Amino acid sequence: MRWIVLPFFVTCSAVSAAPLEQVSLQVAVSGIERAEGVILVAACGRAEFLSHDCKYGAQAPAQLGQVLITIGGVPEGTYAILVLHDMDGNGVLKRTAFGLPAEPIGFGNNAQIKWGPPSFEQSAIAVSGHTVAAVTLRNR
């Protein structure tokens, strides 16, 4: 079973290439059951999906219910959305003895977590102009 390597040491670096329109991506994260720690959101291209190399990300303090997190400067394109409720604030997905997530996680399109993480296609959204995505956190 392949399990998740969530990219929450997000490197926000400038990429020099043909200029693409930079847009903002807002992620409405719901299902937050505890107001502790931080909510981490990453937008990953296909090559960075499930690695520590996602170029775009943001975070906000956890609040009961829902938070809206904006990732600015994202070039138009297709990105998988990954969300972690980092309850202990260490920037790393806590795991059980069996390697399963011990902290709530979620993916774009509310892709289901079954015998491992969803695919890039299942959790990817098209980002164009001002884009809003909704993700509900799950405890496995």
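With N denoting the number of residues in the range 22-136, provide Rg(C-alpha) divided by 2.2 N^0.38 Å, to two decimal places. Don't jump to the answer; show the numbers that get you there.
On the way: Rg = 13.3 Å, N = 115, 2.2 N^0.38 = 13.4 Å.
Normalised by 2.2 N^0.38 Å, the Cα Rg of the range 22-136 equals 0.99.
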Taking the Cα centre of the chain as origin and charging only Cβ (+1 Lys, Arg; -1 Asp, Glu), how large is the dipole, in debye to the nearest 20?
-> 400 debye
Residue by residue through the range 48-65, the couplings from Karplus 6.51 cos²θ - 1.76 cosθ + 1.60 with θ = phi - 60°, in Hz, x for Gly and Pro, are 9, 4, 6, 10, 9, 10, 4, 7, 10, x, 7, 8, 8, x, 5, 9, 4, x
Can you pull the three principal axis extents for the Cα set of the range 86-132, in Å, largest first?
-> 41, 26, 12
Computed ³J(HN,Hα) along the range 98-115: with the Karplus parameters 6.51/-1.76/1.60, θ = phi - 60°, integer Hz and x for glycine or proline, the list is 8, x, 7, x, 9, 10, x, 9, x, 10, x, 6, 6, 4, 6, 9, 10, 8
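Which chymotrypsin sites (Phe, Trp or Tyr not before Pro) does the range 60-140 hold that lie in a coil by DSSP with at most 14 other beta carbons within 10 Å?
Numbers: sites: 79, 98, 107, 115, 120; in loops: 98, 115.
Filter output for the range 60-140: 98, 115.
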Sorted by chain and number, the residues with a modelled amide H under 5 Å from that of residue 76, at a separation of 5 or more or across chains, are 21, 23
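FYI, it's all coordinate maths here, none of it is from the lab. Nothing here was measured: the structure is a model prediction, and the numbers come from that model. Glycine gets a Cβ as well: all are built from the backbone with ideal geometry, and neighbour counts include every protein chain shown.
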